[in-house]
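Computed from the coordinates by the stated procedures, all read-outs in this text should not be read as laboratory data. For clarity, every value in this text was computed on a predicted model and none was experimentally measured. Backbone-built Cβ (ideal geometry, glycine too); neighbour counts: all protein chains shown.
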Amino acid sequence: MSTDITRRAALGRLAAAAAAVGAMPLFATAEPSPGKVAPERTTPGRLKQSLSRWTSKAPLPELCKRLKALGFAGVDLLYQDEWAVVTDSGLAVSMGYPAKRDNFITMGFNDPANHATLLKELETTIPLAKSAGLTNMITMFGNRKEGIDEQQAVDNCVAGLSKIAPYAAEHGITLCVELLNSKVDHHGYQGDHTAFGVAVMKGIGSPNVKLLYDIYHMQIMEGDVIRTIRDNIQWIGHFHTGGVPGRHEIDGTQELNYHAVAKAIADLNYQGFIAHEFMPSQSDPFDSFAEAFKICTV
């Protein structure tokens, strides 16, 4: 799979196919190789692990069945019409989307012009998420805008997210605002350093608005991952993984020691999810998913 395929491209494809959701699978089934022995189930360990939906071509019911057999606790980054499939399978929806939009990543709370739309989406979806048993919803800082400097962007994010934080708290939902790299995958994205995200979190001061700390993205932008996580764990509500460079497997082919990262997170008594979000390069993607699960089992 080409390394230039990102979640943004996957989001575009999913949004375009929205009308077909429910009528047919979004992707073709990824069949295991003939005669191949299914990967052995691993015990969960101290961390709850999930897999980002967009990383697999398998139909969602099959994906749930196979992930559950491997020991996964949830599926990540799902739209409302997918939630019931996952919860009915006995897995958790570890992160839900409030809307289907091609510009979901670039349109964020850093620009006040976006607030009305973003708040309406969240106000509509938060009660539905509570009813479906979700606890996490994703939202974005957005791309930089001309005329809005860094401090203004922080203030704008604080102002917008502070309006929805009490409603999220009332429904037991945590809004997770994602940190992304602007160097490789998401040029122009404003929330591209931990310090920016932490400044927003401190300004809001709500346990129901936290950071989605994407380890892959932050390794690209600033490194020093374990120290940064330890220093800022109180502001972090969710993690994503991915191999650096290339966003493939989190094994020994890339530069991070994910087992050490996972242990550091577990040692902080973190109770949330760590969701794998990488593009498998093995012939059977489930071999990659099983390996990632074992690496982060501590």
### Message
Among GLY108, TRP83, GLY203, whose Cα projects farthest towards the positive end of the dipole of the chain, with charges put on the beta-carbon of Lys, Arg (+1) and Asp, Glu (-1)?
### Response
TRP83
### Message
What distance in nm lies between label points placed 7 Å from Cα along the C-beta direction at LEU119 and ASP224?
### Response
3.6
### Query
In the Gaussian network model of the chain, springs joining C-alpha atoms below 10 Å, which of MET201, MET279, MET221 carries the largest mean-square fluctuation?
MET221
### Query
Which net charge results when you count Lys and Arg as +1 and Asp and Glu as -1 among the other residues whose beta-carbon is under 13 Å from that of VAL93?
-1
### Query
Among GLY272, GLY147, GLY160, which one shows the biggest mean-square fluctuation in a GNM of the chain, springs joining Cα atoms closer than 10 Å?
GLY147
### Summary
Rounded to the nearest whole number, the Stokes-Einstein translational diffusion coefficient of the chain at 4 °C and 1.567 mPa s (Kirkwood radius, C-alpha pairs) in µm²/s is 67
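Using 1/(1 + (r/R0)^6) with R0 = 41 angstrom and r between the beta carbons of ASP88 and GLU150, what's the FRET efficiency to the nearest 0.05?
Values: r = 44 Å, r/R0 = 1.08.
Once the sixth-power term is evaluated, E becomes 0.40.
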### Summary
Computed ³J(HN,Hα) along the stretch 50-59: with the Karplus parameters 6.51/-1.76/1.60, θ = phi - 60°, integer Hz and x for glycine or proline, the list is 9, 10, 5, 3, 5, 7, 10, 8, 5, x
### Query
What are the aspartates and glutamates whose alpha-carbon lies under 20 Å from the alpha-carbon of LYS163, with same-chain residues fewer than 8 places away excluded?
ASP111, GLU121, GLU123, ASP155, GLU178
### Summary
Of all DSSP beta bridges having both residues in the chain, the percent classed as antiparallel (nearest 5) is 5
### Task
Step through the residues of the stretch 281-288 one at a time and calculate ³J(HN,Hα) from phi using the Karplus curve (6.51 cos²θ - 1.76 cosθ + 1.60, θ = phi - 60°), rounding each to whole Hz and writing x for Gly and Pro.
10, 6, 4, 10, x, 5, 5, 5
### Query
Quick one: putting +1 on the C-beta of Lys and Arg, -1 on the C-beta of Asp and Glu, what dipole do you get for the chain around its Cα centre, in Debye to the nearest 20?
540
### Summary
If amide H atoms are modeled at 1.01 Å from N in the peptide plane, then the residues at a separation of 5 or more from ASP214, or on another chain, having amide H under 5 Å from its own are LEU179, HIS240
#### Entry: Karplus (6.51, -1.76, 1.60) ³J(HN,Hα), θ = phi - 60°, over the stretch 218-228, in Hz, Gly and Pro reported as x
6, 5, 5, 7, 9, x, 6, 5, 5, 4, 4
### Query
If only Cα atoms are counted, what is the Rg of the stretch 48-117, and what is its Dmax, in Å?
14.2, 45
### Task
Sequence neighbours fewer than 8 away in the same chain don't count; with that in mind, list the lysines whose C-alpha is under 29 Å from LYS263.
LYS48, LYS65, LYS68, LYS183, LYS202, LYS210, LYS294
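Using 0.36 nm per residue, how much length does the chain from ASP81 to HIS187 gain when fully extended, once their Cα-Cα distance is taken away?
On the way: separation 106, 0.36 × 106 = 38.16 nm, distance 2.99 nm.
So the extension gain works out to 35.2 nm.
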### Query
Any idea what the relative contact order of the chain is, in percent, if you count C-alpha pairs under 8 Å spaced at least 6 apart?
19
## Note on the structure
Out of GLY223, GLY243, GLN152 - ranked by how far each Cα lies towards the positive end of the dipole of the chain, with unit charges on the beta-carbon of charged residues - the top one is GLY243
### Task
Please give the direction-averaged projected area of the C-alpha convex hull for the stretch 34-151, in square nanometres with one decimal.
10.0
#### Entry: Nearest-0.05 FRET efficiency for GLN271 and ASN103, computed from C-beta distance (R0 22 Å)
0.10
